[in-house]
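Have a look at the structure below, then the notes.
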Amino acid sequence: MDKLIIIKVGGNIIDDEQKLSSFLTSFASVEGKKILVHGGGKLATKMAAQLGVEQQMIDGRRITDAETLKIVTMVYAGYINKNIVAQLQARGCNAIGLCGADGNVIQSHKRVHPTIDYGFVGDVDSINTSLLKSLLDQDVNVVMAPITHNKEGLLLNTNADTIAQEIAQAMSGLYSVQLIYSFEKSGVLLNAEDDSTVIPGINPESYKELKEKNVIFAGMIPKLDNAFTALKKGVSKVVIGKAEELQALITGKAGTTIQE
C-alpha cells in the first residue's frame, strides 16, 4: 500500500511569513504523496476588524455569521490558499488549492447544537476520495482550505484540524496514512509554557490520566480527541509537533506520537 502523509499546519505558522516560507520549503522536500490542510490564522480576524464585522468566539471556535462567512471564504480559500500554492510552485512542488466545494471534495452539513448557534459552521459528511486519489496519482499535491459546502449552494466554515482528520480517515482505505498536526509548539507539553516538556508518546490510558490531572491545556484536547478517532478509523500514525521540525515529525524523531 502506498504511503500518504496528511499535514495540518497551524495558524501561528500561517501568520509568520518567515516561518511559513521555511515550513513550505520542508513540505516541498517531503517525498511521496502528500496533502496539506491549513487554517486561517489571524488574517480573517484582522480583516473583520478593518471591515467593522464583530467576531464572536466560543471555546476557541469562531461563530460564523453571514458577513464573517464572506471574510473567511475570501481569506482562507482565497489569499492564504493561493499564496501557499504559489510558494510551493516556486519550490518545484506542483500543487493545487481546493476548498470543499471544488470537485465536491468535502461535503458537510450546518452544525446543529442544542444551545449554541455556531452560524455557518460545517461538520463533515463525506470526502471525495476518488478525486483526491486521481490528483495524487498525477503527482499533484493538494492544499486544502477549511471551507466546505452542503451541496445546496451553502458554503460552511469548517475546523481545519477536523478536516485533516476526516481526510486522513477517508483516505486510509486507499493508502497507509500518517497524520501530522504541525504548529508552533514542540508537541503535547506537560507544561504549556515550557517547550522542553514534550510528552514523546500518548496512548488512551496515559491520555485519560493526563486529563484527570488537568495537565493538558484545553486547546490541545480537541487535537488529541481527533487523533485518537483517526487511529480508531484506520489511520496508521498520528504525530503532533513543531512545524519547523517537519522532517523529524515524519520519522518520529520529534513531537508527540499518538498510539492506540
Self-check item: Partner lysines for K213 [C-alpha distance under 26 Å; skip if fewer than 8 residues away on the same chain]
Solution: K185, K223, K232, K237, K242
Quiz item: Hey, with R₀ at 25 Å, roughly what FRET efficiency would M57 and V112 work out to, going by the Cβ-Cβ distance, to 0.05?
Solution: 0.80
Quiz item: So what's the net charge close to Q107: Lys and Arg +1, Asp and Glu -1, counting the other residues with Cβ under 11 Å from its Cβ?
Solution: -3
Quiz item: What is the packing order of peptides 2-12, 110-120, 241-251, taking the mean over residues of other C-beta atoms within 10 Å and listing the highest first?
Solution: 2-12, 241-251, 110-120
Quiz prompt | Residue pairs, from the table K3/K70; K8/K110; K46/K233, whose Cα atoms sit over 30 Å apart | solution = K3/K70; K46/K233
Practice problem: Determine, for each peptide in 200-210, 40-50, the mean count of other beta carbons within 10 angstrom over its residues, then list the peptides with the highest first. | Solution: 40-50, 200-210
Quiz item: Once fully extended, how much extra length lies between S176 and M74, figured as 0.36 nm per residue of separation less the alpha-carbon to alpha-carbon distance?
Solution: 33.4 nm
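Rounded to whole Å and ordered largest first, report the semi-axes of the equivalent ellipsoid of the chain derived from its Cα gyration tensor (root of 5λ).
Values: eigenvalues 128, 104, 72 Å².
With the √(5λ) rule applied to the chain, the semi-axes are 25, 23, 19 Å.
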Quiz item: Okay, helix-only estimate at 222 nm for the chain: each DSSP H run of n ≥ 4 adds -39500 (n - 2.57), divide by all residues, round to 500 deg cm²/dmol; what do you get?
Solution: -10000 deg cm²/dmol
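If we count every other residue with Cβ under 11 angstrom of M144's Cβ, Lys/Arg +1 and Asp/Glu -1, where does the sum land?
Numbers: positive: K8; negative: D102, E166.
Around M144, the charge tally is -1.
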Quiz item: Where does each of 161-174, 221-234 land if you order them by average Cβ count within 10 Å, highest first?
Solution: 161-174, 221-234
Exercise. Add +1 for every Lys or Arg and -1 for every Asp or Glu among the other residues with Cβ under 9 Å from the Cβ of V53, and state the total.
Key: -2
Exercise. Calculate the spin-label point distance for E205 paired with T229, positioning each point 7 Å from the Cα along the beta-carbon direction, and give it in nanometres.
Key: 2.6 nm
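The numbers here are math on the coordinates, done by the rules we state, and not lab data. Just so we're clear, the structure is a prediction, and the values are computed from it rather than from any experiment. Positions of Cβ are backbone-derived with ideal geometry, glycine not excepted, and every protein chain shown enters the neighbour counts.
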